[in-house]
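To start, the structure under review is shown below, and the notes come after it.
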Amino acid sequence: MLVVADASVLVVALQRLDDEGIQLRRWLVELSEGQELQILQNLTQLEVMSALRRLVLSGSLAESEAHAAIVRFMELPARRLQVTQPMAIRIWELRNNLTPYDAAYVALTERLQSEEKIEVALATADGRLANAPGLSCDVRLFENK
């Protein structure tokens, strides 16, 4: 199965070296059946850096750990894709239920499902996104057990 990974799962996977991070990375590998993750090139990169910045500013994460997480993100074996014009239209259609950022992940998942003709899922740790109405794609929510 192809897996689109949003920033919420990647931040945890990249910066948490504890049991939760290990569990999340294992979950992503199992979900994707070992295939490379699908991510939005610029959006995901900026969202990951923004989340890491917040963690550093709050004192929850050391700067050196944030830097290491960014390096891991840059080295992540993933297919990096761009927002297309048809995706932008779909993002706008989802405006009543999702932020444009979250809608972009949904639009990418729907696009890949249509293009690849195989099962594609959106992996997230964001409960609001996972439970949003009006989505026509498979959304998998990571919940630390």
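Only the coordinates and a few stated rules stand behind these numbers; no lab work does. All of these numbers come straight from a predicted model, not from anything done at the bench. Here the Cβ positions follow ideal geometry from the backbone for every residue, glycine too, while neighbour counts run over all protein chains shown.
Out of curiosity, is Ile22 over 13 Å from the mean Cα position of the chain (by Cα) and β-branched (Val, Ile, Thr)?
yes
Conditions (1) of a type outside the set (D, E, K, R); (2) closer than 17 Å to Gln41 by Cα, marked per residue:
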| residue | (1), (2) |
| --- | --- |
| Arg80 | no, yes |
| Val83 | yes, yes |
| Arg90 | no, no |
| Glu93 | no, no |
| Tyr105 | yes, yes |
| Glu110 | no, yes |
| Ala130 | yes, no |
| Pro133 | yes, no |
| Ser136 | yes, no |
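Among the residues in the stretch 16-32, are any among the acidic types (Asp, Glu), under 21 Å from Gly127 (Cα atoms) and in contact with a Phe, Trp or Tyr (Cβ under 9 Å, 6 or more places away or on another chain)? Steps first, please.
Keep residues of the stretch 16-32 that are among the acidic types (Asp, Glu), which gives 18-20, 30.
Applying the additional criterion that residues be under 21 Å from Gly127 (Cα atoms) yields 19-20, 30.
Add one more test, that the residue is in contact with a Phe, Trp or Tyr (Cβ under 9 Å, 6 or more places away or on another chain), and what stays is none.
No, that holds for no residue.
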Selected residue [surrounded by 13 or more Cβ atoms within 10 Å (Cβ to Cβ) and touching a residue at least 60 places away in the same chain (Cβ under 8 Å)] from Ala78, Ala51: Ala78
Residue that is within 17 Å of Arg25 (Cα to Cα), crowded, with 16+ Cβ neighbours inside 10 Å, among the aromatic types (Phe, Trp, Tyr) and in contact with a strand residue (DSSP E or B) (Cβ under 7 Å, 6 or more places away or on another chain), where the choices are Phe73, Phe142: Phe142
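Filter the stretch 1-42 for residues that are in a strand (DSSP E or B) and either in contact with an Asp or Glu (Cβ under 8 Å, 6 or more places away or on another chain) or of a type in the set (Val, Ile, Thr) (or both) and give the result.
Within the stretch 1-42, the first condition is being in a strand (DSSP E or B), and the residues that meet it are 2-5, 37-40.
If the condition is that a residue be in a strand (DSSP E or B) and either in contact with an Asp or Glu (Cβ under 8 Å, 6 or more places away or on another chain) or of a type in the set (Val, Ile, Thr) (or both), then Leu2, Val3, Val4, Ile39 are the ones that fit.
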Members of the stretch 91-116 found to be without any contact (Cβ under 8 Å) to a residue 24 or more places away in the chain and not hydroxyl-bearing (Ser, Thr, Tyr), listed by number: Ile91, Trp92, Glu93, Arg95, Pro100, Ala103, Glu115
